[in-house]
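The values are calculated or read from the model by the stated rules, or taken from the named source; none is laboratory data. Please read all numbers here as calculations on a predicted model, not as lab measurements. Cβ coordinates were reconstructed from backbone atoms using ideal geometry, including for glycine residues, and neighbour counts include every protein chain displayed. Protein only, heavy atoms only, side chains kept; ligands, DNA and RNA dropped before computing areas. Shrake-Rupley method; radii C 1.70, N 1.55, O 1.52, S 1.80 Å.
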Amino acid sequence: MVYDEAMGCVRCPLHETRTTVVFGAGNADAELMFIGEAPGANEDKQGLPFVGQAGKLLDKLLAEIGMERRDVFVLNVLKCRPPGNRDPHPAEIESCQDYLWRQVELIEPTVICTLGNFSTKLLRRDGTGISRLHGVEEVRIVGGRAVRLYPLFHPAAALYTPRMLETLRTDFRRLPEVLALGPPPQPRVGAEPALADGRGLDAAPALPDVGGASAELAQPDLLGPIPELEPEQQSAPIERKPAAQLGLF
Ligand code: URA
């Protein structure tokens with residue numbers, strides 16, 4: 001189970017300095033997911049994501065649109081705190097990302113808000129920065145499924161920059177509208193390698209030589225537009241997986 005695996009993870013050296021693995025928390029059946037960067041000192045102590053000042057701001061912004069933590073699922077790109085809150089290293093992201101894909105696959109969110117540059121770049125497989133992308137939703141394949149990706153400034157960055165906070169608030173206010181769009185059309189099963197994230201690529205028969213997520217990162221040309229849909233798939237209901245599979249409840 002992904003939870004058990006992550007909680008005992010020793011894939012990268014961060015396990016030597018962490019206090020707790022911060023797996024993620026919230027509603028495992030949520031339509032809306034937030035993906036931050038990495039646990040900070042408070043998160044590392046408590047084992048929960050966004051419990052410090054940035055988390056308080058996230059709660060406030062959620063409250064302003066009539067939502068709370070229990071309505072959403074919150075997680076990070078890295079499950080362990082980088083010492084001194086330094087930026088995540090590429091090798092750490094590489095070894096940790098598999099947990100993230102599996103979490104997305106299990107929770108099956110409709111909308112994913114990436115918070116800041118690290119999660120935005122990882123989920124978009126592209127180096128474009130958050131300043132150019134925030135507040136604009138797009139359909140992307142994540143964890144083998146189409147989701148509405150809605151990048152936002154990181155709340156920690158907005159804490160000390162009033163103009164950024166205003167932008168974050170404006171973008172947040174559009175979230176109900178983005179959620180109301182509902183689930184995007186899903187790609188055809190077993191189809192094009194260009195559509196999948198790393199895990200999807202593993203399974204894509206058309207490209208047997210292409211490995212996991214790192215292989216895809218090295219070949220940005222493999223990323224492509226959303227696939228053609230079978231007409232009957234366009235309104236197919238999404239079958240949700242039991243929250244218990246996440247090992248949280
Ligand atoms: N910043 C993050 O990106 N994640 C947390 O959990 C806390 C602060």
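Among the GluC sites (Glu not before Pro) found in the range 18-85, those both in a DSSP coil and sparsely packed, with 13 or fewer other Cβ atoms within 10 Å of their Cβ, are Glu68. For Val10, the accessible surface of its heavy atoms amounts to roughly 90 Å² (probe 1.4 Å, protein chains only, rounded to the nearest 10).
Taking 15 Å as the cut-off, no amide N atom of the range 29-68 comes nearer than this to a point 7 Å along the Cα-to-beta-carbon line of Thr161.
Determine the sum of side-chain charges near Phe153: Lys and Arg each +1, Asp and Glu each -1, restricted to other residues whose C-beta is under 13 angstrom from that of Phe153.
Numbers: positive: Arg132, Arg163, Arg169; negative: Glu37, Glu166, Asp171.
Result for the local shell: 0.
Of the trypsin sites (Lys or Arg not before Pro) in the range 49-99, the ones in a loop by DSSP (not H, G, I, E or B) with at most 15 other beta carbons within 10 Å are Arg86.
Explain nothing, just the number: dipole magnitude of the range 8-98 about its Cα centre with +1 on each Lys and Arg Cβ and -1 on each Asp and Glu Cβ, in debye rounded to the nearest 20.
Numbers: 10 positive and 14 negative charges, 68 e Å.
Dipole about the Cα centre, nearest 20: 320 debye.
Net charge of the neighbourhood of Val72, taken over other residues with C-beta under 13 Å away and scored Lys/Arg +1, Asp/Glu -1, is -3.
Label reach from Arg70 (point 7 Å along Cα→C-beta): in the range 8-46, amide nitrogens under 19 Å belong to 24-34.
Within the shell defined by Cβ-Cβ distances under 15 Å, the residues around Leu62 carry a net charge of +1, with Lys and Arg each +1 and Asp and Glu each -1.
In this rough spin-label picture, where each label sits 7 Å from Cα along the Cβ direction, the Ala41-Arg173 distance is 3.5 nm.
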